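Step one of this worksheet: look at the structure below.
The values are calculated or read from the model by the stated rules, or taken from the named source; none is laboratory data. Fair warning: this is a prediction, and the values are worked out from it, not measured in the lab. Using ideal geometry, Cβ is built from the backbone for each residue, glycine included, and neighbour counts are taken over all protein chains shown. When the accessible area is computed, the model is the full protein with side chains, heavy atoms only, and any ligands, DNA or RNA have been set aside. Shrake-Rupley method; radii C 1.70, N 1.55, O 1.52, S 1.80 Å.
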Amino acid sequence: MSTKASPYKSKVTAVEPLQQGKWIQTRRIDYNDPNGKPKQWEMAVRTTRSETTNVDAVSIVSVLHHENKAKELVLVKQFRPPCEKVLIEMPAGLVDPKESIETTAVRELLEETGYHGTFRKQSSIMFSDPGLTNANMVLAHVDIDLKDPKNQNPVPQLEENEFIETFTLPLDNLLEEMEKVCQKEGCSVDARLYHFAKGIELARSFQL
């Protein structure tokens, strides 16, 4: 679901060394290991972390509860230049200055998917790729009331430079359905979403 050009039309045209960027910068860390031996590490940092929440981003779990069919998870597809691929992800976004986690989650869900949601709860702070960066995030649960007239025909409110497709997959066999989409379309899956789907699969298998 998108009113704009498909993210699959994006293409990397060049990759060049970058000393310090506007949104992401690199740092060298000096530290001591458990034996007291001096060590060094290289890392990337975001320059946009919210001072209000001390959180970089919010990833959003929204499940559609239908009356006459299985539950579905709201997902998005977008081109990620570092990966040179379209990725399947949960809706997500950076926390704006002086913005709360709740406000960010509801705002980003509306912008990326067109759904009006109600914030329910959030996880503790998590780190996405701790060997590379200190970038952190929280997982927010946002309910979508399908009986609300505003959610009958959701229209994403994308920014000019955003090319995102919204779609849904059944929660019951999420992992299998995601892998089918990847095979068919040549895309890939955000690791956090894959782990989420694998966790559902494992939980169900242990109940048998």
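Counting only the heavy atoms of the protein chains, how much of Thr118 is accessible to a 1.4 Å probe, in Å² to the nearest 10?
70 Å²
Ignoring ligands and nucleic acids, what accessible area does Lys180 show with a 1.4 Å probe (Å², nearest 10)?
100 Å²
Hey, can you find the accessible area per residue of the chain for me, probe 1.4 Å, expressed in square angstrom?
With all protein chains present, the chain gives 63 Å² per residue.
All other residues with a Cβ under 10 Å from the Cβ of Ser59 taken together, and with Lys, Arg as +1 and Asp, Glu as -1, what is their net charge?
-2
Take the Cα of Lys4, step 7 Å along the line toward its Cβ, and report every residue of the range 70-89 whose backbone nitrogen sits under 15 Å from that point.
Counting backbone N atoms under 15 Å from the label point, the list is 76-81, 87.
Which entry in [x] 0.99; [y] 0.94; [z] 1.03 is this structure's computed Rg/Rh (Cα atoms, Kirkwood Rh)?
Answer by label: [x].
Once whole DSSP H runs in the chain are found, which of them have Cα atoms spread over 20 Å or more along the helix axis and a mean Kyte-Doolittle score of at least 0.0?
191-206
How much net charge surrounds Ile29 when only the other residues with a Cβ under 11 Å from the Cβ of Ile29 are counted, with Lys and Arg +1 and Asp and Glu -1?
+1
If DNA, RNA and ligands are ignored and the probe is 1.4 Å, what is the ranking of Glu201, Glu72 by accessible area, most exposed first? Don't jump to the answer; show the numbers that get you there.
Values: Glu201 85, Glu72 30 Å².
Sorted by accessible area, descending: Glu201, Glu72.
Calculate the spin-label point distance for Ser188 paired with Thr13, positioning each point 7 Å from the Cα along the beta-carbon direction, and give it in nanometres.
2.3 nm
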